[in-house]
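Right, one structure below, let's go through it.
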Amino acid sequence: MRKKVTVVGAGNVGANCALRIAGKQLADVVLVDVVEGVPQGKGLDLLESGPVEGYDVNITGANDYEATANSDIVVITAGFPRKPGMSRDDLLLANYEVVKMATEQAVRYSPETILILVTNPLDAMCWTAYQVSKLPKHRVVGMAGVLDTARFRTFIAQELNVSMSNVTAMVLGGHGDTMVPLVRLSNVAGIPLTELLDQATIDRLVQRAREGGAEIVKYLKTGSAYYAPSAATVEMVESILLDKKKVLPCSAYLEGEYGIHGLFVGVPVKLGAAGIEKIYEVQLKPDEHAALEKSSASVKELIDIIKQKIGS
Ligand code: APR
């Protein structure tokens with residue numbers, strides 16, 4: 001039987017996730033959105049690309065969740081994107097309501113599903129979905145590090161004029177300005193980055209990766225990035241559906257790993273058929289550990305704001 005993926009939010013990120021899932025023939029896709037007609041129209045338009053593109057998956061759209069029943073994966077992209085000058089955190093309370101509702105509905109129809117969160121502020125939205133869904137922690141995962149490292153890898157490849165596929169990078173921490181790129185563990189075909197670039201250049205590339213989302217928002221003016229975010233999301237979908245067990249930086253619920261308790265924070269995980277099959281704890285240098293602590297403190301601040309709002 002074909003696999004089934006629901007994508008909640010048929011906007012820029014959601015529609016591009018559907019397009020990429022269909023293109024790779026990974027699963028049937030159900031697009032869900034609050035706006036009447038949009039998921040149905042985009043779903044049909046995507047389906048009609050099938051004869052040309054040569055895929056046979058089914059793509060449908062809906063405004064309610066009945067059609068999503070028994071999804072193997074639910075990707076949540078619903079919410080409001082950033083406008084120029086906004087940080088991801090500015091989206092917090094508006095997107096909390098959206099993600100809460102989407103999670104409740106999605107899990108009601110697909111209790112065995114794996115949730116992939118994309119809506120920002122990412123780590124806080126993962127926490128929200130985890131609390132609301134009551135799913136085991138290995139079945140709630142957030143898309144952040146794959147995108148952050150993709151940006152960092154792009155800039156490294158450009159700088160060195162080498163293939164992007166040769167560049168490996170690692171990032172920890174929250175999906176925000178405090179993310180922690182682990183330069184020491186980044187390499188080009190196994191050659192440490194620190195042997196290929198001077199510190200000032202590395203610092204410049206790290207900073208550009210850190211601000212990679214804002215760079216796109218500044219250009220687009222009316223929204224945020226969606227091609228790279230959807231590509232990153234579908235790499236995670238693929239690793240789960242095909243049980244590839246890729247080791248990818250994702251937002252995961254930590255219970256003591258890296259000294260962090262009760263928060264979703266970006267860490268390297270093994271993604272397979274069961275969801276998060278392992279969390280890797282990398283030995284950190286003191287400065288890296290301090291940066292991770294700072295990053296997780298900023299994730300905690302957002303969770304505290306949500307807790308205040310819901311009065312718990
Ligand atoms: N249920 C379902 N869909 C919803 C809901 C809801 N409660 N509320 C809003 N939506 C839909 C909107 O109608 C819209 O179609 O979510 C979609 C969001 O799409 P865009 O505005 O195009 O935003 P996008 O660029 O896709 O970003 C979505 O992903 O990367 C993150 O920061 C980004 O949080 C943002 C999210």
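The values are calculated or read from the model by the stated rules, or taken from the named source; none is laboratory data. What you see is a predicted model; the values in this text were computed from it and never measured. Heads up, the Cβs are rebuilt from the backbone with ideal geometry, glycines too, and the neighbour counts pull from every protein chain shown. Areas reflect the complete protein model, heavy atoms only, side chains present, ligands, DNA and RNA absent. Shrake-Rupley method; radii C 1.70, N 1.55, O 1.52, S 1.80 Å.
Please list, ordered by chain and number, the residues whose modelled amide H lies under 5 Å from the amide H of Val7; skip anything fewer than 5 residues away on the same chain.
Val30, Leu31, Val32, Val75
Taking the Cα centre of each part, how many Å lie between the range 152-168 and the range 182-226?
Centre-to-centre (Cα) distance: 10 Å.
Assuming 1.002 mPa s and 20 °C, estimate D for the range 4-142 with Stokes-Einstein, Rh taken as the Kirkwood radius over Cα pairs, in µm²/s. Display every interim value, and only then the final one.
Numbers: Rh = 14.9 Å.
After rounding, the answer is 144 µm²/s.
Assuming 1.002 mPa s and 20 °C, estimate D for the chain with Stokes-Einstein, Rh taken as the Kirkwood radius over Cα pairs, in µm²/s.
Details: Rh = 19.5 Å.
The Stokes-Einstein estimate is 110 µm²/s.
From the phi of every residue in the range 166-175, what ³J(HN,Hα) in whole Hz does the Karplus formula 6.51 cos²θ - 1.76 cosθ + 1.60 yield, where θ is phi - 60° and glycine or proline is x?
Karplus-based 3J(HN,Hα) across the range 166-175 equals 7, 9, 10, 9, 9, 9, 10, x, x, 7 Hz.
Leaving out ligands and nucleic acids, and using a 1.4 Å probe, what accessible area per residue does the range 4-142 come to in Å²? Please report the intermediate quantities before stating the final value.
Numbers: 5610 Å² over 139 residues.
Roughly 40 Å² per residue, with all protein chains present.
Leaving out ligands, DNA and RNA, and with a 1.4 Å probe, what % of the accessible surface on the chain is carbon or sulfur? Can you show the working numbers first?
Working: 7200 of 13950 Å².
Result for the chain: 52 percent of the exposed heavy-atom area is carbon or sulfur.
Enumerate lysine pairs in the range 239-312 that are 8 or more residues apart or on different chains, then count those whose Cα atoms are under 12 Å apart. Can you show the working numbers first?
Working: Lys244/Lys270; Lys245/Lys270; Lys245/Lys278; Lys246/Lys270; Lys246/Lys278; Lys270/Lys278.
Taking the Cα cut-off of 12 Å, the pair count is 6.
Among 37-49, 64-76, 276-288, what's the highest-first ranking by average C-beta atoms within 10 angstrom per residue?
Most protected by this proxy first, the peptides run 64-76, 37-49, 276-288.
Using DSSP to call loops (not H, G, I, E or B), can you name the GluC sites (Glu not before Pro) in the range 145-212 whose Cβ has at most 16 other Cβ atoms within 10 angstrom?
Hits after loop and neighbour filter: Glu211.
Sequence-distant or interchain residues sharing an amide H contact under 5 Å with Lys278, placed H: which?
Lys270
Residue-wise, which Karplus ³J(HN,Hα) couplings in Hz belong to the range 122-130, taking 6.51 cos²θ - 1.76 cosθ + 1.60, θ = phi - 60°, and x for glycine or proline?
Couplings: 4, 5, 6, 6, 4, 4, 4, 5, 5 Hz.
Order 3-11, 198-206, 131-139, 28-36 from most to least packed using the mean count of other Cβ atoms within 10 Å.
Those peptides, ordered most packed to least, come out 3-11, 28-36, 131-139, 198-206.
Tell me, what HN-Hα J-couplings in whole Hz come from the Karplus equation 6.51 cos²θ - 1.76 cosθ + 1.60 at θ = phi - 60° for each residue of the range 218-226, using x for Gly and Pro?
5, 6, 6, 6, 9, x, 10, 4, 9
What number does the range 200-244 give for Rg over Rh if you use C-alpha atoms and the Kirkwood radius?
A ratio of 1.15.
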